[in-house]
Amino acid sequence: MRRCPVLLFLAWAGFLFLAGLWLFASGFLLLRVELPQHSACTPSPAPATALAMGSCWLPRRFARAVLVLVDALAFEFARFEEARPRPRPYENKLGALHHLAATQPHHARLYRFRADPPTTTMQRIKGLTTGSLPTFVDVGSNFASYAIREDNLLAQLVHNGRRVVFMGDDTWGGLFPKMFSRSYFFPSFNVKDLHTVDDGILQHLYSTVDGGDWDLLIAHFLGVDHCGHKHGPDHPEMAKKLTQMNEMISSLVDHLENDTLLLVAGDHGMTDTGDHGGDSEKEVNAALFVYSKTPLFRAGPPKEPETVPQVNLVPTLALLLGVPIPYSSIGEVMADLFEGDGDAVTAALSQLAAYHVNAKQVDRFLDSYALAAQDLPGNRLQQLKELFTAAAEEHAQLLAQVQEGLLALPELEAQLGRLRSHFQHYLREARAVCTTSWARFHPFRMVAGCALIAASCLLCYIASELASALDFYHHCFYSLFGGLLAGALLGWAHGDLDPILVASWVAAASQLGFFWHSWSQRPRRIHLASVRPPVASMGLWQRLRAWLEPALPLGILALRCGAMFSDSFVIAESRVVPFLLASLAMLWVGKLHWDGQLSTPPDAPKQPPGSLSCHKESRPLLGLLAALLVCLRLSSLFHQCRDEVLHCQPSPCLAPLSSLRSPQVKNLCYLLCVASLVGLVYAVRRWLRHYGNLNSTSPLVLFVRWGFPLIAFCIACYWAVTSGTEDTLGKLQELVQAALVAFPRAVYGLVATGLLLVLWKPVTVFAQDNRAAAGPIVTPYQGAPSSQADLLHVISQIYRRMQESLNSRLEGGSRWAAVAAYGLGSVYSAALIITLTLLGFFLLLLHSERMSLSFLLLFLEAFILLRLHVSAMSLAGEAEPFVVPWNAVIAWVLATAQFFYSTGHQPIFPAIHWNAAFVGFHEDHTTHLVPALLVAANTFASHILFAVGCPLLLLWPFLCETRGSRRKRLKKDPQDEEQEPLMEMRLREAPERFSAMLLQLGLKYLFVLGMQLLACVCTAMILRRHLMVWKVFAPKFLFEALGFVVSFVCLLLGISLVLHVDCAVSAWYRQLEPR
């Protein structure tokens, strides 16, 4: 059996997809150009005036500022409504803000602080410090923050001799290295930890404020955000957190000096489930509260709080502290904070000076950016230039008239108001142009990436159809070698060593080599096919049936891919995918009925009146179809909601047991979860025992007997600990924290041990040897095989001889001894089932407790699909069980997508289960790799399980082989009916065919995944200017791409495991030979 070529060919096919995906992503998800320029005090954009020491561009109004950043402080949290009789846990808790604004209306004000998506913490920090707009792709760097090199507020303060002190979220340390004169960083990523960061800040906050050795103090609290992730906003813990923040603000105000400005801000809001990352109204609406002990505002607050974009904070705070506005800022100053203490005209002139400086800085940035990037629309830039020039000239004329006293007061106030509106219009138009233009695409790379992925799909389809005739070494080795050579030559000729382009050239050249070699072998394949009856000799009815065989499932696939172009489909995909899977299954059964496989044959005995006219085998098939529909219905209960779906309530099973307040309901749910876990362990062990794979004393079998229950026990104990609230276990807090780490790590260790045992000795066969010394066990061979080829063919004969010998002893009382081998007929499937169960334990641990019911449905539905596949093949009379039909492969992939949604996921960033990163880890991670892997495993759990289990589609028909079943398919003589089934040992009768069909199955699986990926990339490319591209299509593309990568890697692992078991079976025979 050729093992390495199979893996090499699949790896090469996957590389082709990844090269196209990489090329497309480089053209679709581009970062905006970051300019290296930094603002400086000189030259100043303001008119030449004498400034006090320590001021740049404009006189500074405050000597110091305190920025209290309360992560996820939504506007609803800060707003106070006295008329609400029964406030929710997150309402009316920040009474200190309301008291200050009500008693000191000229000193304090609350704003709606509108964030720009993506609403993830790191991107919001960038926006709050640079005044620019982070692009969509930056969301991926939330795991690995990189230092901000662009001009920013902190850099300006440090460059101008100011001292910046920070305390809180350690994300700032990676973004601003060596920027702080003093810092107190605390681990931030553990969303289950509500207190470490906040308590650490409170230990240093007041003493640092009183010390006075700072100019800007930043305190980034995380408790509110973590409470939202862990419990949601509507939870008593949120009330406690907001009350703590309220007490902190009240105490902090007492420590402020008169020359200090206080800003309390949220970087983003949160959804009803406590998540964020998207662009829904609740996610982008944060709060901003401004306070000073000296008057800030001339007029009282408006009836409704003003909405302020977050980028406006940067130019406002820079000018108030007397430092230049960062070079790349596109924000607009908050004019109310520049009114001063004078009369109305003086206040208007102060505001106008701030607007003029702000507009001149934005105009300078646009000029530089247009030269560097050349992606801003020229006509819009020209319009902006005209707006700025007109406003600047009008401003200069107005200042001259004011100095000469030529304007009366009413006319002066009117001109001041009109000029202010001109500057406002210019700044807002400039921001709008940048917002719409910073999705800078590279059309050529996008088209080339789509072409590579499409060619890879075509290659997989052709190769899967010709798998039995493929020459692995020539097609893979020579194509890949030719591609590497061509890519190196083209890269050298163009002088471009960009790894993306080199990989693309290699992929394209190797694809051309494959297609050329396949076309050159076409005459030989035509000659070999000439012995078969020509299609023209078939009747119209037979040709129509042959055409419908792959057309129906591929039509379902085409329907799914075509619907990707609709944002409504993507939004409703969690309901559409189960419908497509149910439709495919019903068409599958309907095709059998159309072919007459479900009805009674004409030559069958006449049935009595009232009896059903159908095959006996058709009844289990219909039962399986009904069971599949029930599973699809039940799995829809475990759903997550998207913000676009109105009146949708997420499944209560997504919430942890600790969120339940009723002890009786909590105990009942816990018992159901444990019962699901026990049921899974029982079903797997029952299956292994049924096929004889639990009879030996090998380490793997012993682990299945004792290790599986132990893993289930550890998971159940972990659920019991996490389901208790922190208050009820207050006295046992240290023991609880230790258990929260110990039980998951015990599961990790046991799962890793089991997987290592599978790799070490995957054969779960028990051989009971009672042979006579002289009795040969193999009929067709005399003695031991002399070559590797003989060995490959002899193993199945050994298995048959064992069965015949054992039957003769049991039936005839023969004196001849026999070798009884238990579990040899299911040796491949047993290793896969054990591996899938171990992975299921690991993935289940990363989900909430009540997801155990969904995982039980996942395994049950996979079993139903396998049985449906076998029953359909049996009824259809398939003579070639090696070939897995398209129906089974596409149904398997659709089940993958279905359970992506049925495990509580959606292709949007707010729906990511970040809690998974800290299952078994109490402290912060020292590296971003471990949390990234845990979150990825949680998100793509269904992709992992179904991809690793994909070879079962090939193995299961052999596993379910019964006495006489093969004779019925092959229409053999009646004497073959009593022949014992070889089950999976029949695969060893044709080892070359086995390896070729493994390759064919893998290529079919990659083709289906690749078609879905191709639909996503085409959608993102064609609809890149669509209103919903960054909200719907781009996240869908990213999740589909990551899911493809995970599925490809796990498919390779699953097929590698089957090939590894095949090697172990050969080694097992060698050990049996000396006996």
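The values are calculated or read from the model by the stated rules, or taken from the named source; none is laboratory data. Computed from a predicted model, the values in this text were never measured in an experiment. Positions of Cβ are generated from backbone atoms using ideal geometry, with glycine treated the same way; all protein chains shown enter the neighbour counts. Heads up: the accessible areas ignore ligands, DNA and RNA and are worked out on the full protein's heavy atoms, side chains in. Shrake-Rupley method; radii C 1.70, N 1.55, O 1.52, S 1.80 Å.
Summary table
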read-out	value
Over 18 Å (Cα to Cα) - which of 282/666; 591/1004; 93/241; 126/230; 360/385 fall in this group	282/666; 591/1004; 126/230
Carbon/sulfur fraction of accessible area - segment 57-327, other protein chains in place, 1.4 Å, %	51
Average accessible surface area per residue within segment 57-327, 1.4 Å rolling probe, Å²	32
Accessible-area composition of segment 342-440, carbon plus sulfur, in percent [1.4 Å probe]	53
Distribution of pairwise C-alpha distances over segment 386-463, 5 Å bins, in %	3, 12, 13, 11, 9, 7, 6, 6, 5, 5, 5, 5, 4, 3, 3, 2, 1, 0
Net charge of neighbours whose Cβ lies under 12 Å from the Cβ of residue 367, counting Lys and Arg as +1 and Asp and Glu as -1	+2
Beta bridges per DSSP with both ends in segment 57-327, % antiparallel, nearest 5	35
Mean accessible surface per residue for segment 342-440, computed with a 1.4 Å probe while every protein chain stays in place, in Å²	48
Packing-based order for 827-836, 583-592, 502-511, using average beta carbon neighbours within 10 Å, highest first	827-836, 502-511, 583-592
Per-residue HN-Hα couplings for segment 749-760 [Karplus 6.51, -1.76, 1.60; θ = phi - 60°; Hz; x = Gly/Pro]	x, 5, 5, 4, 4, x, 5, 5, 5, 5, 6, 6
Proximal charge balance of residue 580 [Cβ under 12 Å; K/R count +1, D/E count -1]	+1
Relative packing of 418-430, 389-401, which averages over residues the other C-beta atoms within 10 Å, highest first	418-430, 389-401
